[in-house]
Structure formats: C-alpha cells, structure tokens
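Some notes on the structure that comes next.
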Amino acid sequence: EKLGKGRDNVKQYLLEHTKIMDKIEKEIKSGKVWAVKVEKDEKDPFASGEENFKKKQWQEAVVDYNKYRKANPKGKQFATATYKIGVALQELGMSEEAKAFFDEVVSRFPKAAEAKKAAGRLKAMKK
C-alpha cells in the first residue's frame, strides 16, 4: 500500500503505519517468515536492539526496537529505534515497509539527526 502524499494526512499515515507493524507482528508470531529468539527476561529492548543491529541480526533488531517503541512511546530513543527498524526492514528486502518508518522519523522528529538520515534513505529509494 502506498501512502503517496499521505505525510500531509497524519491520521491516514498513522493508520497505515499501524497496519504495517500489525502485519509484521503477525508474521513474527506465526513463525512463518521470522525465526526470532525471544529473551523472556529482556529488560532493555533498545540495548538488545542495538546489539542485534550491530550483528546484522535484522529480524531480532526489529522485534527489540518495536518492543522499546511500545513500552516508551515518548522515549529518548524513539526516533533512533524507528529509524533503525526502517534500516533493518530495508536490509531484509522490505523496502515498502521501511518507507513508513523513515517517513515517521522525518514527520515526527524533523530536527533529529535520524530525520536527515531517513530523508536520505527515502531519497535513495526513489531513484
């Protein structure tokens, strides 16, 4: 699903973004597409996401960063987690899904360093 000029329509954008995360979460839970090891006593999902991201364990990183986002919707690392979910999805060949996360960073955190990086990735995807 394309958002097109949906950045102007925040309600529609957030609805689409939620649908993408719901789809990814269903795939994770079903075990069909994503084989993810889940730590039961995970205390710091952002740190775990960073570790998995550095190891290029993209699926695990997406899960961890999304746990952080759900637990900390106004957290200091929310923009970083959102951006890195986009990068991980892009690495997994899910560019359309990645766009929604890059768009979110650009629209919600325009002054953040991640917004500049996200805008660069969005621009590169259009080529």
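Worth pointing out:
- Qualifying residue in segment 99-109 (condition: out of contact with any Asp or Glu (no Cβ under 9 Å at 6 or more places or on another chain), modelled with pLDDT of 95 or more and part of a loop (DSSP other than H, G, I, E, B)): yes
- Residue selected from segment 57-89 under the condition open to solvent by 50 Å² or more (accessible area, probe 1.4 Å) and in contact with a helix residue (DSSP H, G or I) (Cβ under 6 Å, 6 or more places away or on another chain), by the criterion modelled with the lowest pLDDT: Lys67
- Breaking point among (1) within 18 Å of Lys19 (Cβ to Cβ); (2) at pLDDT 90 or above; (3) not in a helix (DSSP H, G or I), for Val33: (2)
- Note on segment 113-126: residues that are open to solvent by less than 30 Å² (accessible area, probe 1.4 Å) and either at pLDDT below 95 or more than 17 Å from Tyr65 (Cβ to Cβ) (or both) total 1.
The values are calculated or read from the model by the stated rules, or taken from the named source; none is laboratory data. As the structure is a prediction and not an experimental result, all values here were calculated from the model. Cβ: placed from backbone, ideal geometry, glycine included. Neighbour counts: every protein chain shown. Accessible surface is based on the protein model in full, side chains and every heavy atom, while ligands, DNA and RNA are left aside. Shrake-Rupley method; radii C 1.70, N 1.55, O 1.52, S 1.80 Å.
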